[in-house]
1. Which net charge results when you count Lys and Arg as +1 and Asp and Glu as -1 among the other residues whose beta-carbon is under 12 Å from that of residue 63?
2. Once you have a ≥ b ≥ c as the square roots of the Cα gyration tensor eigenvalues for the stretch 1-50, tell me rounded if a/c is under 1.5, and otherwise prolate or oblate according to whether a/b is larger than b/c.
3. Considering only protein heavy atoms and a 1.4 Å probe, what is the carbon-and-sulfur percentage of the accessible area of the chain?
4. Using only DSSP helix segments of four residues or longer, with each worth -39500 (n - 2.57), what per-residue ellipticity at 222 nm results for the chain after dividing by its residue count and rounding to 500?
5. Just to check, using Stokes-Einstein with a Kirkwood Rh over alpha carbon pairs, what's the diffusion coefficient of the chain at 10 °C and 1.306 mPa s in µm²/s?
6. Where the only charges are on Cβ atoms (+1 Lys, Arg; -1 Asp, Glu), what is the dipole of the chain about its Cα centre, to the nearest 20 debye?
7. At 1.4 Å probe size, with every protein chain present, just tell me what the per residue accessible area of the chain comes to in Å².
8. Helix 26-38: angle to the longest alpha-carbon principal axis of the chain, degrees 0 to 90, nearest 10?
Amino acid sequence: MGLSKTEKFTAHQNELAIMSKALGHPARIAILEYLLKANSCICGDIVGELGLAQATVSQHLKELKNLGIIKGNIEGTSTCYCIDSEKWESISDAFSQFFAQRTVCAEDGCC
């Protein structure tokens with residue numbers, strides 16, 4: 001497998017790619033939607049909500065925590081998760097700026 005050569009790309013391009021990769025699994029999107037819907041910290045309900053194995057959910061939570069989009073607080077023997085609103089806004093802004101760029105095609109079309 002070849003090297004990704006990320007140093008050839010801008011910091012912004014690398015950041016968008018990292019965010020996209022972390023958000024690029026439907027289970028992670030489902031976790032985020034569940035946390036947004038609950039609008040509070042969730043302890044242990046995520047496994048039941050998704051119907052996935054605990055180990056699988058834990059791995060997805062780890063990826064989201066590594067991105068910083070969720071926070072986890074230990075309460076007793078469980079960890080409670082919630083959306084980090086500051087990081088959520090940062091990611092939202094980054095993608096909004098990216099998608100706000102417009103394509104310009106010649107009158108006869110691009111393709």
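The values are calculated or read from the model by the stated rules, or taken from the named source; none is laboratory data. What you see is a predicted model, and the numbers here were worked out from it, not measured in a lab. Don't worry about glycine lacking a Cβ; one is built from the backbone with ideal geometry, like all the others, and counts go over all protein chains shown. When the accessible area is computed, the model is the full protein with side chains, heavy atoms only, and any ligands, DNA or RNA have been set aside. Shrake-Rupley method; radii C 1.70, N 1.55, O 1.52, S 1.80 Å.
1. So the surrounding residues net to +4.
2. Prolate, since a/c reaches 1.5 and a/b exceeds b/c.
3. Working: 4210 of 7930 Å².
Percent of accessible area from carbon and sulfur atoms in the chain: 53.
4. -17500 deg cm²/dmol
5. Answer, rounded: 98 µm²/s.
6. Here the size comes out at about 320 debye.
7. I get 71 Å² per residue for this part.
8. Compared with the principal axis, the helix lies near 60 degrees.
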